[in-house]
Amino acid sequence: MDEGRAHPESPPEPTRRGFFKIAIGVLAAFGGLVLGIPLIGSLIGPAFRKKPTRWSRVAKVDALPVGQPTSVSFTDRSSEAYLRETVVRNVWVVRRSATDITVYSPICTHLGCRYDWEPNIGRFLCPCHGSLFSLDGKVLAGPAPRPLDTLPMKIESGDLYVEWERFELGISGKIPV
Ligand code: FES
């Protein structure tokens, strides 16, 4: 019997080349994992991240007239990444009763002009292309594709707070920008 000859059914001896192939494969998989996790996180993260709320105090509720739209200015402090800015904004507030309040963005839903309240006709009128809106924000005339945009609001300790938002213009859906 020849002791030096390999048995035909015994598994092949691991070679140096085979070892390197496996090592490179493991390293490549590990590298892919290390690079892939942040990439996947950045792609799907925004879908799960809750938008930070940014409430601004805009008025004392008791100071708002009932049944009469009021344009109210307030200071909005926003910060994105390292950019911080302070902007004076205004909104239209409609108070129907002590706590029944609607806040409208002052931006016309057609192409973004600033509309105004016309007390003589009891309507909001946009000077740019003549869109007319009722007190409850519905489109009565003109090219505006959707009602006035309402903004999130809350009342705390007698103060009205608003969260500033912008929406896509010229379309029927109210989609945040
Ligand atoms: S921007 Fe208001 S009607 Fe066109």
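The values are calculated or read from the model by the stated rules, or taken from the named source; none is laboratory data. Because the structure is a prediction, the values reported are computed rather than measured. Here the Cβ positions follow ideal geometry from the backbone for every residue, glycine too, while neighbour counts run over all protein chains shown. Side chains included, ligands, DNA and RNA excluded: accessible areas come from the protein's heavy atoms. Shrake-Rupley method; radii C 1.70, N 1.55, O 1.52, S 1.80 Å.
Worth a mention:
- Share of carbon and sulfur in the accessible area of the range 55-163 stands at 50%, probe radius 1.4 Å.
- Treating r as the C-beta distance of residue 87 and residue 135 and R0 as 25 Å, the FRET efficiency rounds to 0.40.
- Averaged over its residues, the range 120-165 has an accessible area of 46 Å² per residue, based on protein heavy atoms and a 1.4 Å probe.
- Peptide packing for 98-111, 133-146, 58-71 was compared via the average number of neighbouring C-beta atoms within 10 Å per residue; ordered from the highest value, the list is 98-111, 133-146, 58-71.
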